[in-house]
Amino acid sequence: ALLCVQTKSTVRAPKMSFDTNEFFLKSNEEMADAFSPWPEAMASTLEIAERCNVEIELDKQLIPAYPTPHGEDEHAYLRARVEEGLRTRYGDPAPAEARERMEMELEVIHRMGFDAYFLIVWDFIAYAKANGIAVGPGRGSAAGSIVAYCLQITDVDPLRYGLLFERFLNPERVSMPDIDIDFSVRGRAKVMRYVVEKYGRESVAQIVTFGKMFPRAATRDAARVLEHDYGVGDKLAKLIPDPIMGRSPSFEDCLAPGQELRKAYDSDPIAKQVIDVARGLEGIVRNSSIHAAAVVIAEGPLTDIVPLQLADSNQVDADGNKIFNIVTQFSMKPVEQLGLLKMDFLGLRNLDVIEDALDIIERSTGVRPDMANLPLDDQRTYDMLAAGDSIGVFQFESEGMQKALRNVRPTEFDDLVALNALYRPGAMDHIGTYARGKRNPETIEYADERLRAITESTKGVILYQEQSMQIAKTIAGFSGAKADDLRKAIGKKNRDAMAKLEPEFRAGCRASGTRDQVIEQLWQTNVKAADYSFNRSHAACYGLIAYRTAWLKANYPAEYMAALISSVMSTKDKVPFFATQAEQMGIEILPPDVNVSDHDFVVSEGNIRFGLDAVKGVGFAAVEAIKAAREEGGPFGSLWDFCARVDC
């Protein structure tokens, strides 16, 4: 069946089959017998085997050196850049708390051997910003690092928002740091080209990813190779529940007593036949492709460390030749185990929308707002969000999120960070508690007074992984590194690791004078947190992008909506959807006009002018020809004039 899936054929008429019974590993005796006319074949095979010797060393550090301008020591050069950034971010002199945190982080980074890592990331982000490529304010746990903040790798102040360095780098466990970066979709390839040129084509590659067969796809494939109608496989596939948090349920879960798929399996012989074949396909690698974002950078030729392959990029160069990407044959985890430096270069469409909106604002007003230094207390923005008016706002567009916004009625940036973490399975139950605590702080309850400082910003709800870590440090006396071990065990639902840490947690709480009832409550919160606790650093970073898009929509509605509509021109249903939204906001959508329209939607006297690229049948080159004629000879006077002047 798997061969038929791969060769697009059916079990009854396969394009390829195993038509001998020789596909198995033979014993020495069977091989000697098969090759008895050529006894030297066995001897030479053994000789070659004896000469083979491969040892793959794991957990090395293969981070490339950073080429400092005058051959300075990497640590000294990093310190100088961070010191500059500290003054820029916090003023001169910087507060003692910021300086202490910086010293602690630099010492850990140096001790772990990651000076070059931070310089490499700082360098390509600086390149992107200098070349007008939009970079996100950060993502994931890296926002917990003041060094990353001072280097302008991230834009969220870790001191202001209580973000922990140990959540990013555990000082007691050497594991590769992981800084993922969002770039504008248009600029991402340019940054990757810069990295290839700087570190050498032989030292940079993308990473392979293997697509596995999950129950839904396996069910549809099994039905097809067994020659059933499409509807048979589709109907069964629809009985399989949706993935939760990106994880697909297994056949074991779907065939548990009482499940819809189980009923079909027990009552319908065709369903049983299809599912029996599909179960054999579950978990098998179906195809390989290039990971959407992962890039690996080595200290020398990658061919010395990892097997590589060429993969078709589905693109052509200026001469029409196919472009091939160099890709590792090991997937992400083995690449990390080898000790190679892996980066995620992610493309985020919302960054393009923000940049386009700023371009339109600059064209129509002559002013370009500075997104990096926006005040986070804009009343107009919070009024708009509190009303649930969040269509087109990053992360806040869904109906459920609009309802949550109306319930919470945000008035400060902390509310947006919390909503990012609250609006997910498991955590949603706490939206009401948060909203109540916000409106009436008297209703907030703290099981222990020491929890006030940790959970006051989340209205008494233990919502973030960082809060679980702070509780372990403050109440159970854990070190930052041990608190991170507990966080990891909770997040991965590692029952064994949690069982090892539980006695220590309880003993530490007792030693700090905590009541037994509170200890039990805190431990049970840890157990439940496995289902929903969220990385506060990530919530803060994405909250910042959400705020920036909301600020643009609230303060420059026509310009923002024009940029938003332009960003979805390639999708048929989204243009009318956002155009209708704009009209509901009192913005008129003016028809396309050969004398004023551009490729994209533009703003004209407070209204939006339709973009010519969105007109069916009008290509990019045609619009360029219209613009060229318009720039050369002014507006067109008639259809005759248009036909005479535009390059046909």
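In the structure shown, do any of LYS492/LYS528; LYS8/LYS322; LYS342/LYS492; LYS488/LYS528; LYS322/LYS574 have a Cα-Cα gap over 24 Å, and if so which? Beyond 24 Å between Cα atoms: LYS8/LYS322; LYS322/LYS574.
A straight Cα-to-Cα reach below 25 Å connects LYS263 with the lysines LYS235, LYS238, LYS272, residues fewer than 8 places away in its own chain not being considered.
Counting Lys +1, Arg +1, Asp -1, Glu -1, what net charge surrounds LEU119 among other residues with beta carbon under 9 Å of its beta carbon? Mind showing how you got there, number by number?
Details: positive: ARG81; negative: GLU74, ASP115, ASP123.
Overall, the nearby charge balance is -2.
Where the centre of each part is set by its Cα atoms, how far does the range 341-373 sit from the range 492-533, in angstrom? So the separation of the two Cα centres works out to 43 Å.
Packing, as the average of other Cβ atoms within 10 Å across residues, places the peptides 573-580, 414-421 in the order 414-421, 573-580, highest first.
List the aspartates and glutamates whose Cα sits under 16 Å from the Cα of LYS459, skipping any in the same chain fewer than 8 residues away. In chain and number order, the partners are GLU412, ASP414, ASP415, ASP429, GLU442, GLU445, ASP448, GLU449.
The packing ranking, built from the mean of other Cβ atoms within 10 Å per residue, places the peptides 385-395, 28-38 in the order 385-395, 28-38, highest first. Just so you know, the Rg over Rh for the range 559-615 is 0.91, from Cα atoms, with Rh as the Kirkwood radius.
The antiparallel fraction among DSSP beta bridges confined to the chain stands at about 75%.
Cα centroid separation, the range 195-239 to the range 70-137: 40 Å. Straight Cα distances below 18 angstrom link LYS616 to the aspartates and glutamates ASP573, ASP593, ASP598, ASP600, GLU624, with same-chain residues fewer than 8 positions distant left out. Surface composition of the chain: carbon and sulfur make up 51 percent of the accessible area, probe 1.4 Å. Solvent exposure of the chain amounts to 51 Å² per residue of accessible area, where only protein heavy atoms count and the probe is 1.4 Å.
Among 475-487, 289-301, 369-381, 231-243, sorting by the average number of other beta carbon atoms lying within 10 angstrom of each residue, highest first, gives 475-487, 289-301, 231-243, 369-381. Between LYS8 and PHE23, the simple label model (points 7 Å from Cα in the Cβ direction) yields a spacing of 2.1 nm.
Near the amide H of ALA293, within less than 5 Å, lie no amide hydrogens of residues on another chain or at least 5 residues away, with H placed in the peptide plane. Measuring between their Cα centroids, the range 292-333 and the range 252-268 lie 43 Å from each other.
The values are calculated or read from the model by the stated rules, or taken from the named source; none is laboratory data. Keep in mind the model is a prediction, meaning the values are calculated, not measured. A quick note on method: Cβ atoms are made from the backbone with ideal geometry, for glycine too, and the neighbour counts reach across all protein chains shown. Keep in mind that these areas ignore ligands, DNA and RNA; they rest on the heavy atoms of the full protein, side chains included. Shrake-Rupley method; radii C 1.70, N 1.55, O 1.52, S 1.80 Å.
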